[in-house]
């Protein structure tokens, strides 16, 4: 990305933060909190997720059979099925159906798949009036804007904005002010359109192959009216929406509303086996409804491929097809909460999973527009009702985009600094951050000169211009003495023979080269618990390159790390990790990078440092050997640590030492590794950080000691607050000079 | 057992602002008369010994449907733990009558109150495979698209549930 395009991106994000940020933040956070509350009350939540996942896996596996089965079922019911190769094909068929019905007006209920097709444009070109009856979609149709959220499309609009829009468009007699006024006005206006309409078009949340039914999950009742009030129904669905049987819908109905907007269930879940059996309403308004007119209804199911067959054959993108479009990945995403789908979205879809959808249906250019906004924080992973590894899909697409990029001009100078496994042409900024370990090694070896040079104004300005490291960020200060160097000279204080346990302390690049102090604190804490510590030479976990979409490099590093640790694990030593993002590599992403058995051994043998301290205390170690915190604590756990459920050990240890702890509940601090250093994303990063700042400057938190588990969280908190953050292990360090 | 299920149904309905009336076949007509606000439309009830109040128009025109304040229909069954009623769409018009009127009065036999969604989908499987159309409706229609939660978006603004305990 050039300096100009970084600036353009920053400008666009700044604009959205200002114009849409407040409304988007309010709504997504309400949905997200609603999700937490709703799933907490669903006892079988994890069971339903497993069921939903396996139903989708199987459905996609046998998809061609299901298409045949559903076609036969719909035809037997008296409907028609059309399997459309692409958007143009689908639109052509829909246009024919509408022309055959001699329809002047088509009413639609909400359907993202029809947005993907842009069917409204196709029909309007034929002179047909098309009306969106979902109130959010209706607002956007009037405003000529794109959805900013896949479930609540007008989430970026305020009530005042909608009132203004209605005033401009309709010049109503009465002043429309409240949400109720606006809703009733729209209801009446759209009620007339529904009455006039000859064709009703819906989407389908699910299609059941055994019965030829469609399931619609809605709240307003507009889908019900769209179907009931028109004699010709067209349902448009991606082929991936088919599940084998009606009974398979059960886990999805339990999950979809709770996962999305936090509703236990939406007002209406329609399970229709069309043509529907209701009497026609499309007759003389003064003649009573007649049962026999139910037979006059027509039904067309348009199943859309549009890239989905290729996605199904793609081992990495296939999971995208399990998506039920609930929006949990959008609502749980810190970046999405700030900018919404107008920044975090492509041509049609938005939010974390949109990268997979856009790459699959519209192509990589559309995915490239927003793929970088996924920081890999993994907060969507536990929120997804079908257990899709959404960050991994983002990494894969990023990797493919890197490979498709043009050859860069700086290649020859850069290759020395960035000895990765990647092809030429990858973005300079990504390569720099992806090769963090090499930089850190060099920076440390030449410290403090490297730090002086790094902070020189012309150098910072060059770094911003060429690589896009924001000048407003302070750079990590490299230390001449590495953690490993210190430990080699110092040696262990608890011998292996006397120790209760033996630990390999993983020297992550940041702890080793930049913040050796927290590594030293970890050594002293472990020794206080009578643990023998080793710090072998082990390379970077691959987190840095993976976050830049450099999967081959991450893969190579994973192999090296595993090679360096395997013997220790075999010797019964526990691997202890200070940096949560590296531990998360061992516990999550290595599943994709290592053979299964290797992954499982390292996963089962590695621990987050406070998790390990907790385990020692549970097994009888003496807590009084640790330093008890002198002040109440405000604790911010690391996003990836929370996804693994490991933050509770930190609070438990502090609690055991009699300390009062409050925890932040933001999804991410906004720094997310390298993300907040990038000049195009600096302001977004700080906007996300504002939510954490608000929590830690509240009256109950402002005087507390700030503690954070992640490196980049510490950096971000340092920038947000007037006090520095410490790692939990530094707080507990018996050798700390206070 | 049954009374437990109805109790669960009642509290789930409260969560979505729906009041439940318990009655018997003999008293149902009176209960419906009290709930009814004219103009009312409805579908004849399938329960032995239960008939609609006379004020209810059972063969409405599309215009009468749109103008109706109250719509009375039986529902196929109810789902206790979600407070949902299953509206069957058949040629006699339960779907439009429950949808267009401002208030939907849903009448259900106590023996048709199912405990949960698992039982619901076990029952819906064969229904759907036999061509039935069913809407699981939970509370009134609602939208938050205009900046705050509003009930009565396109469908009913309020819902009442009537359980006939001896049916």
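Only the coordinates and a few stated rules stand behind these numbers; no lab work does. Everything numeric here is computed off the predicted structure, so don't read it as measured data. When we count neighbours, we look across all protein chains shown, and the Cβ atoms used for this are built from the backbone with ideal geometry, even at glycine.
In square nanometres and to one decimal, what's the mean projected area of the convex hull around the Cα atoms of region B:101-143?
Averaged projected hull area, Cα only: 4.4 nm².
How many Å³ per residue does the convex hull of the Cα positions in region A:211-286 occupy? Provide the component values of the computation, followed by the final result.
Values: hull volume 8.0 nm³, N = 76.
Cα-based convex hull of region A:211-286, divided per residue, equals 106 Å³.
Can you give me the angle between helix A:179-196 and the longest principal axis of chain A, using Cα atoms only, in degrees from 0 to 90, rounded to the nearest 10?
40 degrees
Taking Rh as the Kirkwood radius, which is the inverse of the mean 1/r over Cα pairs, what is the Rg/Rh value for region A:483-732? Intermediate values should be presented prior to the final figure.
On the way: Rg = 17.7 Å, Rh = 18.5 Å.
Here Rg/Rh amounts to 0.96.
Could you state the angle between the C-alpha long axis of helix A:21-40 and the longest principal axis of the C-alpha atoms of chain A, as a value from 0 to 90 degrees rounded to the nearest 10?
Value to nearest ten degrees: 80.
D for region A:288-438, whole µm²/s, Stokes-Einstein with Kirkwood Rh over alpha-carbon pairs at 20 °C and 1.002 mPa s: what number? List each step's numbers first, then the result.
Values: Rh = 17.5 Å.
This corresponds to a translational diffusion coefficient of 122 µm²/s.
What are the semi-axes of the equivalent ellipsoid of region A:4-155, taken as the square roots of 5 times the eigenvalues of the Cα gyration tensor, listed largest first and rounded to whole Å?
Whole-Å semi-axes of the equivalent ellipsoid: 32, 28, 16.
Where does each of A:664, A:213, A:3 land when they are ranked from fewest to most other beta-carbon atoms within 10 angstrom?
The fewest-first ordering by Cβ neighbours comes to A:3, A:664, A:213.
From the P(r) of region A:553-672, could you give the percentage of C-alpha pairs in the tail past 19 Å?
Result: 54 percent of Cα pairs exceed 19 Å.
Using alpha carbons only, how many degrees (0 to 90, rounded to 10) separate the axis of helix A:45-61 from the longest principal axis of chain A?
Approximately 70 degrees, to the nearest 10.
Full-extension gain between residue A:481 and residue A:313, please, as 0.36 nm times their residue separation minus the C-alpha to C-alpha distance.
My answer for the length gained is 55.4 nm.
For region B:1-66, what are Rg and Dmax over the alpha carbons, in angstrom?
14.4, 44
Over its Cα atoms, what ratio of radius of gyration to 2.2 N^0.38 Å does region A:96-147 give?
That works out to 1.10 for region A:96-147.
After finding the eigenvalues of the alpha carbon gyration tensor for chain B, what semi-axes result from the square roots of 5 times each, listed largest first in whole Å?
22, 20, 17
When the C-alpha atoms of the protein assembly as shown are aligned to their principal axes, what extent does each axis show, in angstrom, from largest down?
Here the Cα extents, ordered largest to smallest, are 96, 61, 55 Å.
Expressed in nm to one decimal, what extension gain is obtained for the pair residue A:4 and residue A:597 from 0.36 nm per residue of sequence separation less their Cα-Cα distance? Let's see the in-between values first.
Details: separation 593, 0.36 × 593 = 213.48 nm, distance 4.67 nm.
Working it through step by step, the gained length comes to 208.8 nm.
Using a 10 Å cut-off around each Cβ, can you sort A:110, A:56 from fewest to most neighbouring Cβ atoms?
Result, fewest neighbours first: A:56, A:110.
With contacts defined as alpha carbon pairs under 8 Å and 6 or more residues apart, what's the relative contact order of chain B in percent?
28 percent
Give me the one-decimal Kirkwood hydrodynamic radius in Å for region A:246-289, with the sum taken over alpha-carbon pairs.
Computed over region A:246-289, the radius equals 13.4 Å.
Kindly provide the pair-distance distribution of region A:141-276 built from C-alpha pairs, with 5 Å bins from 0 and whole-percent values in order of increasing distance.
2, 8, 15, 18, 19, 16, 11, 6, 3, 1, 0
How large is the helix-only mean residue ellipticity at 222 nm for chain A, computed as the sum of -39500 (n - 2.57) over DSSP H runs with n ≥ 4, divided by its residue count, in deg cm²/dmol to the nearest 500? The partial results should precede the final answer.
Working: 37 runs with 356 residues, N = 738.
Rounded to the nearest 500, it is -14000 deg cm²/dmol.
Pull up the DSSP beta bridges for region A:3-308 and report the antiparallel fraction as a percent, rounded to 5.
Once the DSSP bridges in region A:3-308 are tallied, antiparallel ones form about 25 percent.
Based on DSSP, what percent of beta bridges with both residues in the protein assembly as shown are antiparallel, to the nearest 5?
Approximately 25 percent, going by the DSSP bridge assignments.
Counting helices only, and only those DSSP H runs with n ≥ 4, report the 222 nm mean residue ellipticity of chain B as the sum of -39,500 (n - 2.57) divided by its residues, in deg cm²/dmol to the nearest 500. Please list the in-between numbers first.
On the way: 5 runs with 48 residues, N = 167.
Helix contribution divided over all residues of chain B: -8500 deg cm²/dmol.
Provide, in order from the shortest bin, the percent of all Cα-Cα pairs of region A:610-717 in each 10 Å bin, continuing until the bin that contains the maximum pair distance.
15, 41, 31, 11, 2, 0
Suppose we keep just the alpha-carbon trace of region A:3-308; what are its Rg and Dmax in angstrom?
20.4, 69
Which of A:106, A:276 comes first, and how do the rest follow, when ranked by fewest Cβ neighbours within 10 Å?
A:276, A:106
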